[in-house]
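Below you'll find the structure, written out as structure tokens, and then a few comments.
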Amino acid sequence: MTKQALIKISHVCKAYPNVTPLKDVNTTIYKGDVISVIGPSGTGKSTLLRCINMMDPPTSGDIYINDEAITAPNCQLHLLRRKMGMVFQSFNLFNHKTVIENIMMAPMDLLGKSAQEAYDKGMELLRTVGLADKALNFPDELSGGQKQRVAIARTLAMEPEMILFDEPTSALDPTKVGEVLEVIRELAQKGMTMLIVTHEMNFAKDVSNRIFYMDQGEIYEDGTPEQIFEHPQRELTRHFIMRTKLMEEIITSKDFDFIAIRNNIDQFGKKYLLSPKSVHNMQVVFEELCVQTLLPYQGEAPNLQFRIEYSDKTNSIQIRIAYSGKAFELEEDMDMISYALLKNATTSIKTALTENGENEFILDIK
Amino acid sequence: MQKKIFSLLIFLATLLTLLPCFAANEEKSFKTLNDFSGARFSTLNGTVADKLTQSVIPNSDNFVYYYTVADGIMALKSNKVDAFVLDDPICRLAAARNPEVMVFHEPVMPDQYGFAFPKGSPLRNKFNTVLRKFSEDGTLQNLRDIWLGADESKKVLLKQDWPGKNGTIRYYHDYLVEPIVYVGADGPLGLEIDLALRIAKELDMKIELTKCEFGGLIASLQSGKADVVSGSMSITEERKKSVDFADSHYKAALVLLVRNDSYVASNESFIDSVKASFEKTFIVENRWKLIVDGLLVTILISACAGIGGLFLGFLLCMLKREGSKPVRNFINTFIRLLKSTPIVVFLMIAYYIIFGSVNISALWVAILAFTINFGVYAAETYSTGLDTVDNGQREAALALGYTPKQTFWKVIFPQAARHFLPILKGDFIAMVKETSIVGYISVQDLTMVSDIIHSRTMEAFFPLLVTAMIYLIIANMLTTVLDIIEIKIDPKHGKRTVKGVKMQ
């Protein structure tokens, strides 16, 4: 069975005068896909969603809905938008209408349904989101979670082919998040195509069949939840999933500011509440391996990258030291005492090659 | 609402009782003109009486200015000033009607009135020829006897029954100076108007009368609205710099009107005095008809400007929000310019400069000026209202598939209306009250009518209170209507139900 492509995104770029959230986005969304879009803030997740239904038209590139270009200047934009519902972070219910009127309005105005048809359908939808008794309330009389459920019902009333969720639970009280996610989960089970920008990782893992990890203005990694959450292929995805905190120092001179780097390591430890022992061990690695061993080894023009990665998720610290020049054999060339100290401070020492082809030590800190 | 009116009346009554206390001042006695040195003077706005007085009485620069004779007399009676300086026919008539004041026995200086023309007008020589003839055959003396006399029945104007082959004279005149130029039961009356009609007859020209504030007379000549003006206008060197005068048709004098110390107030009861005031204000000369006419003019201007302004304001608001950059800049400048111009100044500019050379009725200019003025305020108000609607509302409607136009009318406008209507209501009521200045361009509205009446009755309080009362009633009626509309569009008003649907 071939999957039916619903949305094709090709070379989409969105640039503002001082920031470019989308550099080059390419993907295809198939019917029945439930895609969670994750990634650090400011990486264009919402912008991508808003480009798809032209709330923010892309600067360049094309987006096709069922092979019809929504980015074409002469397209029937409002007709194409009817195929894609959108649920907003801030709900955006029409404040001057009751709950049921909010739901009835668009089908009556745009699909030519009779009031009775729209009402019956509206009440049915309200029952599925559990809010039939609020039909005659105004939006300002509802809680955030209730508002978002009404917003979903309003979107469903237009019978869209897919729904775009723009951080649907970010503006909610934590106790109300569950009720909204439950409604989305049910929609997923019914086979609704959905694109969900979310920060709820567990929810994303459970409900989606695909995950977009967005970073660097593109879909950095696209895969199944297992791939993204268990075995991320790319470095930034891994950092994001492991919630990695980074510290990086580049040393290019023999006369570098030694005290400043030692101080930075202390500060890094304080900032992420690392144990004094770990901080001491990091200092040992820096001193024994970088300062005492690799720098003299590199001679007059050193080129050394010292990086600490602390994973908040697994509470583990890794130090990566990349250096130019020939590989250095620790066991053979290193001073005995220094090597003993290094061994003492780490649980494992591995060597590798970086993406640039430089030699690298990877040390897991005790 | 009754409660509101009642408390307002109590407030006014308290104010009136307190007024004399504030005005109390030590009495001085005046025997000769020189005794007035250092006294407090008053005169009418736009006259030269202050300059002439200062040239005769030393230390007499403490002047205040009023718009009407009646106001001046009120100030004199309530001891706000010591002397009211004006031409003697006016002062004598005032003294005859108000036993509390009298003309001081020594005149300040002789004075003479003339008709004024635009610089170099050929009409002036024609007037002079006829004036010379009237002076020789006694017509002029005869007219003076009639208009300064007490026999009201003789004070009738000439009917314009001559063919008028030589064209039409546009004649602007003051209307608050009985017996020279004033308004009677059937329209303008007075010595100068009668004289102007007779001169026009001699010249076989028709004459078109227009009432105008004294302060606007010279402007109406300079803007080309009028061919000739008068209003007991003194012939002075300073005025001669901007206009030409015909030979004087009236030798007058500048006199002082002072309080009559020997006057003892009669024991007339309050009810009787109100009755008398009511009689004078409404019944005599069918003055209530004037009030009704004035009221209709006020309502006409308010209604037209209100409706026109709502549409104009909407147009301006949309251009300001959706127009291209030059259009937006233009509209913003236009709005800023008009908002910072006092409406009375704008009205005069519109009448004397913009429409200076166009033959358009002052009423239309007033309607137009108030439409624009209200439109400018309404534009800002709409804009404020539209700004209060969150952008998310627009996005939600667009995302559902509404077109931008449908989005505006179905979602944004109804929500904005709840915000701008209360402000618009205030703007509108303020505008209705502001129409009271149309008298400046000779439109006879409610306020001008009240001026006309109190210039005749020499009584300020009663006509003013009546006018205030009428404005109060109009404003309250409007407020009530607008309140009802406001409640009607409140979505939370009334029973919660879904229209046209069998509810589950």
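A few points about this structure:
- Total charge dipole magnitude, segment B:392-478, about the Cα centre, Cβ charges on Lys, Arg, Asp, Glu only, Debye to nearest 20: 500
- Inverse of mean 1/r across different Cα pairs in segment B:18-111, Kirkwood, Å: 13.6
- Helix B:391-400 vs. chain B, principal-axis angle (Cα, 0 to 90°, nearest 10): 50
- Probe 1.4 Å - accessible area at A:Tyr339, Å² to nearest ten: 40
- Net charge dipole size for chain A [Lys, Arg +1 and Asp, Glu -1 on Cβ; Debye, nearest 20]: 1000
- Cross-link partners of A:Lys8 among aspartates and glutamates, defined as those whose alpha carbon lies under 12 angstrom from its own and excluding same-chain residues fewer than eight positions apart: A:Asp62, A:Asp67, A:Glu68.
- When chains A and B come together, the accessible area they lose, probed at 1.4 Å and totalled over both chains, is close to 2800 Å².
- Extreme residue, positive dipole direction of the protein assembly as shown, given options B:Met205, B:Ser29, B:Thr333 (C-beta unit charges): B:Met205
- Value of Rg to Rh for the protein assembly as shown (Rh from inverse mean 1/r over Cα pairs, i.e. Kirkwood): 1.23
- Solvent exposure of the protein assembly as shown, expressed per residue, is 47 Å² of accessible area, with all protein chains present and a 1.4 angstrom probe.
- Mean projected area of the convex hull spanned by the Cα atoms of chain A, taken over all viewing directions: 23.4 nm².
- Its Cα gyration tensor gives segment A:253-353 an equivalent ellipsoid; the semi-axes, largest first and in whole Å, are 22, 16, 13.
- For segment B:281-492, the ratio of Cα radius of gyration to the globular rule of thumb 2.2 N^0.38 Å stands at 1.21.
- R0 of 35 Å, Cβ-Cβ distance A:Arg127-A:Leu79: FRET efficiency to nearest 0.05: 0.75
- Ranked from largest to smallest solvent-accessible area, with a 1.4 Å probe on the protein heavy atoms, A:His96, A:His280 come out as A:His280, A:His96.
- Across segment B:314-413, the convex hull enclosing all Cα atoms gives 118 Å³ per residue.
- These residues, A:Asp255, A:Asp215, go from largest to smallest accessible area, 1.4 Å probe, as A:Asp255, A:Asp215.
- Taking amide H as placed 1.01 Å from N in the peptide plane, B:Val183 has its amide H under 5 Å from the amide H of B:Leu189, each at least 5 places away in sequence or on another chain.
- Applying the Kirkwood pairwise sum to the alpha-carbon positions of segment A:1-82 produces a hydrodynamic radius of 13.3 angstrom.
- Of the accessible area of the protein assembly as shown, computed with a 1.4 Å probe over protein heavy atoms only, carbon and sulfur atoms account for 56 percent.
- Computed Rg/Rh of chain B, alpha carbon atoms with Kirkwood Rh: 1.06
- A dipole drawn for chain A from +1 and -1 charges on Cβ atoms has a positive end, and of A:Gly269, A:His239, A:Ser90 the residue lying farthest that way is A:Ser90.
- At least 10 Å² of accessible area lost relative to the chain alone, listed for segment B:413-453 with a 1.4 Å probe: B:Pro414, B:Gln415, B:Arg418
- Secondary-structure-derived ellipticity at 222 nm for the protein assembly as shown, considering helices only, amounts to -14000 deg cm²/dmol, per-run term -39500 (n - 2.57) for DSSP H runs with n ≥ 4.
- With Cα atoms as the point set, the radius of gyration and Dmax of segment B:112-252 evaluate to 13.9, 40 Å.
- Cα centre as origin, Lys/Arg/Asp/Glu Cβ charges: the protein assembly as shown dipole, Debye: 2100
- Among B:Ala116, A:Thr47, A:Ile70 - extreme Cα towards positive end, dipole of the protein assembly as shown, charges at beta-carbon: B:Ala116
- Pairs of lysines in segment B:235-334 (C-alpha under 30 Å apart; 8 or more residues apart or interchain): 4
- Average beta carbon contacts from partner chains per residue of B:496-504, 10 Å cutoff: 6
The values are calculated or read from the model by the stated rules, or taken from the named source; none is laboratory data. In this text, all values refer to a predicted model and were calculated from it rather than measured experimentally. Cβ atoms come from the backbone with ideal geometry, glycine included; neighbour counts cover every protein chain shown. To get the accessible areas, we keep the full protein, side chains included, count just its heavy atoms, and leave off ligands, DNA and RNA. Shrake-Rupley method; radii C 1.70, N 1.55, O 1.52, S 1.80 Å.
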